Amino acid sequence: MLWTEARGRTAAIILCLACLLGAPALSAEARDTNGIIVYQSDFGLKDGAVSAMRGVAVSVDPTLRLENLTHEIPAFDIWEAAYRLNTTAPYWPPGTVFVSVIDPGVGTGRASVVLKTRSGHYFVSPDNGTLTLVAEDLGIEAVRAIDESRYRRPGSEQSYTFHGRDVYSYAAAHLASGKTSFEDIGPELPPEVVTIAYQKPEIQGDVVRGNIPILDVQFGNVWTNIDRATFEQLGVAKGETVDVRIFNEGGQVFAGAMPYVSTFGDVPEGEMLLYVNSVDNVAFAINWGNFAKTHGIASGPEWRVEVRKR
C-alpha cells in the first residue's frame, strides 16, 4: 500500500515537472530534425560569443550535438557565408539544422527566418542574402519567420545586438531537439529568400563564363563556380591551352593563357594552370605560387571570369 502511494506521488511529481518544462519533445520518428546543429558566424573565437550560443542550445536540450562549420567568415561578408553554407551542407544528413549568423543588420527590420530545403536541411539565419546559394542548389521547400514572442531566450527582450544567441540558437535548439516542429516555429512566408546577384556558369559558343565565389586562401588558388559539366562543353582536352580573363565590376584585371591539367605538378614550378578543384569546379593556380596575390585577384559576387577555347 505504501509503495503504491509512493509510486503515485512520484508520477504526480513527474507530471508536474513536465508541465513546468512545457510540451514534451516529438519522438524521433515523428520529427524531421536529427538533433544536430551546425554553427557558422563571423564572430571568431577570441571571445565567448560562440560559446554563449552553444550554451543557449544545450540549456534547451543537453542531448543536442553541436558542431562548427566555421567562425572565421570575414566580418560582414554575407557572400562568403552563402558560399560556405552551400559547399558544406550537402555533406550533412537531412534533418541537420544550420545556424548562420553574419548579420550586419542585427536589430533592424531584416527578417529572421528558417529555410527548409528540398534536401531536408534547415537553415536559421537573417534573410539578408546568406541563403542565396542553398536556396538555389538545395531548393526551397518552405520558409517561415521565427516567432520571437515564443522563440527568444527568456530575459533577452531588451537585447538588440546578439540575435545569434538570443533568437537563432534558441529557436534552432527547439527545432533540432524536436521540442517544436518546423510548422510551429512561426508564420509561413512566400517560398523565396533575399538573394545576391552574381554571374552564374554559362557557355556561349567557345566561351564559358562564371563567378569567383571564393579563394583557396591558404594557397592563393582562384576558385570559380564553373562546374565540370559546363566546362567540358568547351571540348578542351587535358594538356590543351585556354585563354582566361578575369573582371572586377566590369574592368579587366587579368588576361593570360594556361594549360588545362589534372594537378599542380603537371606544370613546371612557377607556371600557371587551370584545373578542376575538390568541389568539381574550374580553378586557376600557380604551381608553388600564389595566383591571387600575384595577379591582384579577390572574390565575391562582383568578380567574373571567362575561359575561351583556342
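The values are calculated or read from the model by the stated rules, or taken from the named source; none is laboratory data. Since this is a predicted model, take the numbers as computed values, not measurements. Cβ coordinates were reconstructed from backbone atoms using ideal geometry, including for glycine residues, and neighbour counts include every protein chain displayed. Just the protein is used for accessible areas: all its heavy atoms, side chains included, with ligands, DNA and RNA removed. Shrake-Rupley method; radii C 1.70, N 1.55, O 1.52, S 1.80 Å.
Report, in whole Å, the centroid distance computed from the Cα atoms of region 133-151 and region 254-271.
When both Cα centres are located, 42 Å separates them.
Using the basic label-point model (7 angstrom from Cα toward the beta carbon), what is the I196 to V217 distance in nanometres?
1.3
What lysines could a cross-link reach from K309, if we take a straight Cα to Cα line under 26 Å and drop same-chain neighbours fewer than 8 places away?
Partners found: K200, K238, K293.
Just the C-alpha atoms of the chain: what Rg/Rh do they give, with Rh taken as the Kirkwood radius?
Working: Rg = 23.9 Å, Rh = 21.6 Å.
My calculation puts Rg/Rh at 1.10.
What percent do you get for the relative contact order of the chain when only Cα pairs under 8 Å and 6+ apart count? Can you show the working numbers first?
On the way: 641 pairs, mean separation 47.7, N = 310.
About 15 percent, as a whole number.
When the chain is treated as a GNM, springs tying every alpha-carbon pair under 10 Å, which of D216, D61, D47 comes out with the largest mean-square fluctuation?
D47
Using the Cα gyration tensor of region 201-310, with a ≥ b ≥ c the square roots of its eigenvalues, what is the shape: rounded (a/c below 1.5), prolate (a/b larger than b/c) or oblate (neither)?
Details: a/c = 1.44, a/b = 1.03, b/c = 1.39.
Rounded, since a/c falls under 1.5.
Pulled fully out, how much extra length does the chain show between V253 and K238, if you take 0.36 nm times their separation in residues and subtract their Cα-Cα distance?
Working: separation 15, 0.36 × 15 = 5.40 nm, distance 2.59 nm.
Contour length minus Cα-Cα distance gives 2.8 nm.
When the helix-only estimate is applied to the chain (DSSP H runs of n ≥ 4, each -39,500 (n - 2.57), divided by the residue count), what is the mean residue ellipticity at 222 nm, nearest 500 deg cm²/dmol? Walk me through the intermediate numbers first.
Values: 7 runs with 69 residues, N = 310.
Using -39500 (n - 2.57) per qualifying helix, the result is -6500 deg cm²/dmol.
Compare Y260, Y39, Y83 in a GNM of the chain, Cα atoms joined below 10 Å, and give the one with the largest fluctuation.
Y260
Expressed in nm to one decimal, what extension gain is obtained for the pair A145 and R110 from 0.36 nm per residue of sequence separation less their Cα-Cα distance?
Numbers: separation 35, 0.36 × 35 = 12.60 nm, distance 1.08 nm.
That works out to 11.5 nm of additional length.
Going by Cα centres, region 157-209 and region 79-105 are how many Å apart?
That distance is 8 Å.
For the chain, which whole-number percentage of the solvent-accessible area (1.4 Å probe, protein heavy atoms only) is attributable to carbon and sulfur atoms?
Carbon and sulfur atoms account for 53 percent of the accessible area of the chain.
Any aspartates and glutamates with Cα under 18 Å of the K179 Cα? List them, leaving off those in the same chain fewer than 8 positions away.
E29, D32, D61, D147, E148, D166
Per residue, how large is the accessible surface of region 26-156? Use a 1.4 angstrom probe and give square angstrom.
Working: 5380 Å² over 131 residues.
Using a 1.4 Å probe on heavy atoms only, each residue of region 26-156 averages 41 Å².
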